[in-house]
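These notes concern the structure reproduced below.
Nothing in this text is a laboratory measurement; each read-out follows from the coordinates by a stated rule. Everything numeric here is computed off the predicted structure, so don't read it as measured data. Neighbour counts run over all protein chains shown; Cβ positions are idealised from the backbone, glycine included.
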Amino acid sequence: MRSAVTVQALHEKLLASDSATEVLAQTFGDPVVACRMLCDPLALTPWQRAQLAPTQSEPACHRRVTLLAGGRPVSEADLWYVPARLWPGMAATLAETDRPFGAVVRPMQPVRETLASRVCAPGEPVALEHEALLRDREGRPIALVAERYLPGVFQ
């Protein structure tokens, strides 16, 4: 049975941090690895599109991953990012490696803004959900992430 306090503690850490990757490393251990999942690119919803504001000249890319921390799966995430808004080489790293988004863009010092979050009831397929927008230091949105934290890590 999962501990609601533990889920709540992770929820609070995520709300207070600019990097879910760093929170996962601190909470569950290093290394944090993003195992890319093959899937058809997921389209942004109209609401998500309004938040990320991609353009025809700066389209968004989709990446789906399972995040492992300390060698065990802790979350699944869908990430939409605008490659043209990242620093040189970052988009290629995301496309070609299993490095987590947060680790790749850490030099940009992005700011994470939680858009929605929900602590789920026991028995649901996920324990915690977060949707967040990452902005660069100039305030431009660079990525939107929908994270689902797995209940098995709290048992």
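Summary of computed values
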read-out	value
FRET efficiency for Ala95 and Asp18, using Cβ-Cβ distance with R0 set to 25 Å, rounded to 0.05	0.60
Residue-count net charge about Gln109 - beta-carbon cut-off 9 Å; Lys, Arg +1, Asp, Glu -1	0
Over region 4-154, relative contact order from alpha-carbon pairs under 8 Å, at least 6 apart, %	24 percent
Formal net charge of residues neighbouring Leu14 (Cβ-Cβ distance under 14 Å; K, R +1; D, E -1)	-3
Binned Cα-Cα distances of region 4-154, short to long, each 10 Å bin given as a whole percent	11, 44, 36, 9, 0
